Amino acid sequence: MTEIPESFLRTVTAEHNVSEAEVSALLLALAGQTAESIATTLEISAAAVRKRLGSVYQKFDIAGSTPGKLEVIRSIFQERYQLSTVVNALSCHDFGEAPDVPVFFGRESELDILQQWVNKDRCRLVAIFGMGGIGKTALSIKLAQKIQGQFEYVIWRSLRHAPSVKEIFADLIEFFSKKNEPKEVGISQLIAYLRKHRCLLVLDNVESVLLGGDYVGQYREGYEEYGEFFRQVGEVPHQSCLVLTSRESPKEIITLEGSNLKVKSLQLNGLENIAAKSIFVGKGDFFGSEKDWNKLINQYAGNPLALKIVCNTIQEVFGSNISEFISCDISVLFGDIRNLLEQQFNRLSNLEKEVLYWLGINCKPTSFIELQADVISTTSQPELIEALESLRRRSLIFNEKGLAKFMLQAVVMEYIISQFVSQVSEEIISEINLKNISLLKSHALFKAQIEGKVRNAQIRLILEPVIEKLINKFGNKDRIKEHLLKIIELLRVNTPLTSGYAGGNIINLLCHLEIDLTGCDFSNFKIWQAYLTSVNLHNVNFANSDLSKSVFTGIFDSILSVAFNPVNGEIVATGEADGRISFWQATYGEQLFHWKAHSNWVRTVAFSPDGKTLVSCSDDHTVKLWDVDSQKHLMTLEEHTSWVRSVAFSPDGKIVASASSDKTIRLWDLGTQQCWKIFKGHNNFVRSVAFSPDGKILASGSADQTVKLWDVKTGKCLKTLEGHTKLVQSVVFSSDGEILASCSDDKTVKLWDVQTGKLLNTLKGHTNLIHSIALSPISSSQGGEIIASCSDDKTVKLWDVQTGKLLKTLKGHSNSILSVAFSPDGKTLATGGYDKTVRFWDIETYQCIQILQGYTNWVHDLALSPDGKIIASSNDDKTVRLWDVQTDQCISTLEGHAGRLWSVAFSPLARGLLASGGDDQTIRFWDTLSGQCVKVLQNSDRIRSIAFSHDGQILASGSVDCNIKLWNVRTGQCFETLQGHTNWVQSVSFSPDGEILASGNDDQTLRLWNVYTGECIRVLEGHTMRIWSVAFSPLLSSQGQFGGLLASGGDDKTVRLWDLQTGECCKTLVNDDWIRSVAFSPDGKILGCACVNHTVEIWDVDTGQRLIILQGHNNWVRSVTFSSDGTLYSGSQDGAIKQWNVKTGECIKTLMSKRPYEGMNIKGLSGLGEEQKNTLKELGAIED
């Protein structure tokens, strides 16, 4: 038998209430002594020994008739000890954000009761209730710390910020599964872990998910599933324990406790007198009779926080004399903690109150410098320091774990925020005069320039409660708008220079209420901390206003690359699909600078090791370098003959490596600005390059499915790593240079030993191709380096490099994610992709902490109604717009899609039916007369193109999944899937007779399909790059048949005309740039081509001659279509639809939807830099 320590035996016997005398006898019996020998040792009779041992057996539920009772109890101890050693070896403890509890007064009896319930009674659900400040949190932490050795898993979580049920379940299940990625997240999965393992789960501040007020025990909207979870934990058999703390009881506890011995609750009362006195120890000597002590403690019901606060009052005001405090005025003492806080608050100076309000508003630890910036009263630095010290002495604030940042106690924060909301609401809704407006000017309701998660908390805790009071007072938005604008007018006329935060507060209220601000006058006014992203401010007047610390919508397109500055991790660079580069302030998401860097997609951006230079590469075949501070163009490196897909700095910053679709890698000497070496060896385009940390090896990944390692000095290929089965998208070295990671279209990440070339591990989990990977620069709190991977499956996955274990899947992007990057300290991950967002993730919590949302409104596709009166556009902003051709007005905006729209098509039947498809993997049918969506078709991947058959009965769709689907328009059912393409289907088109469907693909082929049989009847080859558009020549009325031509255009800058009878290419029209769309004129004699170089080229079909180039767009032209009278319409990435006379080249008219800041007057604006002003102008602002 394993020797069991006496301390362990005593712990177990204590759980069963075995007395010391009984333990003494038991220990000797277990040591092998007889009853007579024990009697001699203990100097008692043998009968007394047997009686003591009999009592022990009874307490362990060992029946008197059980043979070998001593061996039975020995086996019980042995089993418990073995279990405890296993638990201690394998247990996982996570106390999250549990505060330190260095001093703990009293509560011994409460701890004993709770331990009895958890360990001996094996309760499944234990609740601790009590008022604010009574010590529930501290007790729950001490309990968990004391009994953690009895559990395999211990996790402590606070619900103070009201996390959603889904969030908390995902967090808990991930912890219990030891960071293995859970396939499903729900109650049943969580209960399964509680059954399988001995788990201690503590949820603090449960009242945060309850309604409160008159709805005791009821849940806030959206949090009802917590109640179902509590019920199942209490009712379903399992071996774990859930401990809750709350100021009020959820209804399930009330119901379960009466009928279920496995559910218990403890009402926590105040401290006993001796423990309560201990709070005053260490604060100095206090004077008072025992009677006064008792009266003081009883008056505050032994509430620890209340006593802590009043302790400072007695010390400061009454010279530590309790008797004087008691005799002064008994009426000032209140038993309720809120009244105590109110009493303490009313004694504070105005500056101290101002500081408390700001600490409440900030909802996070706040530094002295940040507080200085927040406070707008004429306060000196010494005065602010004195106020902070005074508040700390009063126990109203504390330093965050010894750091130079200040926080409020939880119950104090709740009181302060409640007080602030109440007072500022009263100021707003009361009679409008200058005397009533104080807090509205001195404090922000929330901050625009702050971390996203904190801003969301401020909105929930402050802004929304204020809005609720406004709605209750005024009843409707029109009256609220009228009232708020009157306040602005009063302040602007009387105190424009001292209005503080009032302007920003009022605009934030109006915006959150979604009140139309068109034409509002906010000129000559301070508007601080206004959060104006995703807000339309058409014709708003901000002339001569101060917009300091305000945040506006930025301009950026699909994000192809993200990079942190390695020296200043607050700066993030992005490379975008419209050729721009942007610099961002990472913490609060302000776009600092952006500029047109390339004439085509910016594939990669990378900072030099010293953070002073940025390198970029593009599909325009160039590599460019930029000065980070000034954004000045330093040099252009031009020798590649095709797209440049990747660039990287050497560790010493002297060399840049570039990888290209021309199958080469070039090394550039930045001193001479010359190409120093060319590496050749890949037999397909090169997608990625990376230097080893010592700069001696360069790794490259290619579409030839290999990774190559090159000697930088000699240019020799050292190794070729084979194992991927599709093109390699990205390569990256570990920080020590010993491991190389690669990712591929084969949906895997592979880890390689750099020295041997051996494949170490293959990481599987993504369900679509992986675009990019990044390795954390330092080890994580989980223990080792983390690799992040991003994919077309819209997720980011985090993996442990050493074990290959999947740590977490990050979800939130609504489209493909193209790039990932770690911050220099490894604590933050940035991701960007096709959904035009950059997201920042906290690596410790896996939470998305900031989202940067860009604005562009590309027109992707155009379609004319059968009668030619309406033109529809599919747009980047997830909408379809309908334009009246005669009046040039947008008559309807169709909303419902969740992603950008690539294609739109009218049914040829004159019933107003329109179809649209895009990145949300759906096709929607719209009734254009009512503007209603009448049907939704669900596809398996993103839709790139749709087309109606000429009888309107069939809709064809081409998709990223390489397939074409044929849908029954009436039923919405897919009745045929056409397979054969090996890449994205970019375009589909029906022949005029409805018998043939043509498709153009990224695989550089066209396919012709028999519509009736689904058979591929011909494959047309000749294009050398992807094909974007296909179009049939029209039905010729004179012949009663269509002209028999098919036009196709793509990235090889050619339009090919195909004879459908022979399948031969009969003409090749060479354009000046990539082709995005082709369309025949109604008579079939003219072909229009939409080009990336901002032009539309018009060609004579018969002669193959270019007739004219239509110029006027200022970005890529995406779509062209002819009306029945031969007029051409073009849609562009500049957001414009233009109507052209193709004979004269005249632009007849331009249709364009309003940009977010159309007509917004920013003349004389202050508080924003010139770059920010230029961005506003690009989004429609004017200086008038």
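The values are calculated or read from the model by the stated rules, or taken from the named source; none is laboratory data. In this text, all values refer to a predicted model and were calculated from it rather than measured experimentally. Here Cβ is always computed from backbone atoms with ideal geometry, including for glycine, and neighbour counts include all displayed protein chains.
When segment 959-987 is filtered for residues that are closer than 19 Å to Gly1022 by Cβ and in a strand (DSSP E or B), the ones remaining, listed by number, are Val985, Gln986, Ser987.
Conditions tested, residue by residue: (1) touching a helix residue (DSSP H, G or I) at 6+ places or on another chain (Cβ under 7 Å); (2) aromatic (Phe, Trp, Tyr); (3) surrounded by 14 or more Cβ atoms within 10 Å (Cβ to Cβ); (4) not in a loop (DSSP other than H, G, I, E, B).
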| position | (1), (2), (3), (4) |
| --- | --- |
| Leu359 | no, no, yes, yes |
| Glu370 | no, no, yes, yes |
| Thr379 | yes, no, yes, no |
| Glu386 | no, no, yes, yes |
| Val411 | yes, no, yes, yes |
| Tyr415 | yes, yes, yes, yes |
| Lys441 | yes, no, yes, yes |
| Gln449 | no, no, yes, no |
| Pro465 | yes, no, yes, yes |
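Could you list, in sequence order, the residues of segment 841-870 that are in a strand (DSSP E or B), touching a Leu at 6+ places or on another chain (Cβ under 8 Å) and more than 15 Å from Thr809 (Cα to Cα)?
If we filter segment 841-870 for residues that are in a strand (DSSP E or B), which is where we start, we get 841-842, 848-854, 859-864, 870.
Okay, now just the ones that are also touching a Leu at 6+ places or on another chain (Cβ under 8 Å), so 841, 848, 860-861, 863, 870.
Hits for segment 841-870 are His860, Asp861, Ala863, Ile870.
Considering (1) surrounded by 24 or more Cβ atoms within 10 Å (Cβ to Cβ); (2) farther than 23 Å from Lys869 by Cβ; (3) in contact with a Ser or Thr (Cβ under 7 Å, 6 or more places away or on another chain), the lone condition that Ala956 does not fulfil carries the number (3). Of all residues in segment 621-638, those that are without any contact (Cβ under 8 Å) to a residue 40 or more places away in the chain and assigned by TED's automatic domain parsing to the domain that holds Thr672 have Cβ atoms under 6 Å from Cβ atoms of residues that are of a type in the set (Ser, Thr, Tyr) and surrounded by fewer than 14 Cβ atoms within 10 Å (Cβ to Cβ), 6 or more apart or on another chain, in Thr622/Thr636; Lys624/Thr636.
Only one entry in Asp993, Asp920 is surrounded by 16 or more Cβ atoms within 10 Å (Cβ to Cβ), outside any strand (DSSP E or B) and either at pLDDT 95 or above or charged (D, E, K, R) (or both), namely Asp920.
Within segment 724-771, the residues that satisfy the criterion of being assigned to a loop (DSSP other than H, G, I, E, B) and over 26 Å from Lys794 (Cβ atoms) are Ser734, Ser735, Asp736, Gly737, Glu738, Val754, Gln755, Thr756, Gly757, Lys758. Looking at Lys146, Lys142, just one residue is without any contact (Cβ under 8 Å) to a residue 40 or more places away in the chain, surrounded by fewer than 20 Cβ atoms within 10 Å (Cβ to Cβ), in a helix (DSSP H, G or I) and not small (Gly, Ala, Ser), and that residue is Lys146.
Consider segment 709-725. How many of its residues are within 24 Å of Asp800 (Cα to Cα) and in contact with a strand residue (DSSP E or B) (Cβ under 7 Å, 6 or more places away or on another chain)? Let's see the steps before the verdict.
Within segment 709-725, the subset within 24 Å of Asp800 (Cα to Cα) is 709, 721-725.
After this cut, where a residue has to be in contact with a strand residue (DSSP E or B) (Cβ under 7 Å, 6 or more places away or on another chain) as well, the list is 709, 721-724.
Count: 5.
Scan segment 346-357 residue by residue and report those that are buried (at least 20 other Cβ atoms within 10 Å of the Cβ) and among the hydroxyl-bearing types (Ser, Thr, Tyr). Passing the criteria: only Tyr357.
Taking segment 190-233 as the range and being under 14 Å from Ile253 (Cα atoms), touching an Asp or Glu at 6+ places or on another chain (Cβ under 7 Å) and surrounded by 17 or more Cβ atoms within 10 Å (Cβ to Cβ) as the test, the residues that pass are Glu207, Leu210, Gly217, Gly227, Phe230, Arg231. Here His1094 passes the criteria (1) more than 19 Å from Asn1001 (Cα to Cα); (2) at pLDDT 95 or above; (3) not aliphatic (A, V, I, L, M) except the one numbered (2). Among the residues of segment 659-675, the one identified as in contact (Cβ under 8 Å) with a residue 40 or more places away in the chain and part of a loop (DSSP other than H, G, I, E, B) is Leu670. Any chance segment 1009-1031 includes a residue that's among the basic types (Lys, Arg), surrounded by 17 or more Cβ atoms within 10 Å (Cβ to Cβ) and free of Cβ contacts under 8 Å to residues at least 40 places away in the same chain? Among the residues of segment 1009-1031, not one is among the basic types (Lys, Arg), surrounded by 17 or more Cβ atoms within 10 Å (Cβ to Cβ) and free of Cβ contacts under 8 Å to residues at least 40 places away in the same chain, which makes the answer no. Of all residues in segment 658-706, those satisfying the criterion of being under 22 Å from Thr756 (Cβ atoms), small (Gly, Ala, Ser) and touching a strand residue (DSSP E or B) at 6+ places or on another chain (Cβ under 7 Å) are Gly681, Ser688, Ala690, Ser692, Ala699, Ser700, Gly701, Ser702.
Restricting segment 674-693 to residues that are surrounded by fewer than 17 Cβ atoms within 10 Å (Cβ to Cβ), touching a Ser or Thr at 6+ places or on another chain (Cβ under 9 Å) and not hydrophobic (A, V, I, L, M, F, W, C), the residue that is farthest from His621 (Cα to Cα) is Pro693.
Filtering segment 115-137 to residues that are in a helix (DSSP H, G or I), over 19 Å from Pro250 (Cα atoms) and either of a type in the set (Lys, Arg) or in contact with a helix residue (DSSP H, G or I) (Cβ under 8 Å, 6 or more places away or on another chain) (or both) leaves Gln115, Gln116, Val118, Asn119, Lys120.
Tallying residues that are surrounded by 21 or more Cβ atoms within 10 Å (Cβ to Cβ) and not in a helix (DSSP H, G or I) within segment 467-493 yields 0. Only residues that are in a loop (DSSP other than H, G, I, E, B) and over 30 Å from Leu901 (Cβ atoms) were counted across segment 787-829, and they come to 10.
Here Leu485 clears all of (1) in contact with a strand residue (DSSP E or B) (Cβ under 6 Å, 6 or more places away or on another chain); (2) without any contact (Cβ under 8 Å) to a residue 40 or more places away in the chain; (3) aliphatic (A, V, I, L, M) except the condition numbered (1). Can you name the residue in segment 248-264 that is buried (at least 19 other Cβ atoms within 10 Å of the Cβ) and touching a residue at least 40 places away in the same chain (Cβ under 8 Å) and, of all such residues, is farthest from Leu211 (Cα to Cα)? Top of the filtered list is Lys262. On the stretch given as segment 247-281, residues that are more than 41 Å from the chain's Cα centre (by Cα), more than 19 Å from Asp121 (Cα to Cα) and in a helix (DSSP H, G or I) total 6.
A quick yes/no check of all residues on (1) farther than 17 Å from Ser558 by Cβ; (2) buried (at least 19 other Cβ atoms within 10 Å of the Cβ); (3) among the aliphatic types (A, V, I, L, M); (4) in contact with a strand residue (DSSP E or B) (Cβ under 8 Å, 6 or more places away or on another chain):
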position: Asp825; (1), (2), (3), (4): yes, no, no, no
position: Ala830; (1), (2), (3), (4): no, yes, yes, yes
position: Gly833; (1), (2), (3), (4): no, yes, no, yes
position: Asp867; (1), (2), (3), (4): yes, no, no, no
position: Asp877; (1), (2), (3), (4): no, no, no, no
position: Leu882; (1), (2), (3), (4): yes, yes, yes, yes
position: Glu895; (1), (2), (3), (4): yes, no, no, yes
position: Arg900; (1), (2), (3), (4): no, yes, no, yes
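Looking at segment 57-69, is at least one residue hydroxyl-bearing (Ser, Thr, Tyr) and within 60 Å of the chain's Cα centre (by Cα)? Checked segment 57-69: at least one residue is hydroxyl-bearing (Ser, Thr, Tyr) and within 60 Å of the chain's Cα centre (by Cα). Whenever a residue of segment 8-28 is at positive phi, its partners that are of a type in the set (Lys, Arg) and assigned to a helix (DSSP H, G or I), lying with C-beta atoms within less than 8 angstrom and at least six residues away or across chains, give the pairs Asn17/Lys59.
From the list Lys136, Lys120, Lys146, which one is of a type in the set (Lys, Arg) and within 34 Å of the chain's Cα centre (by Cα)?
On the way: Lys120 fails: within 34 Å of the chain's Cα centre (by Cα); Lys146 fails: within 34 Å of the chain's Cα centre (by Cα).
None of the other options fit; the residue is Lys136.
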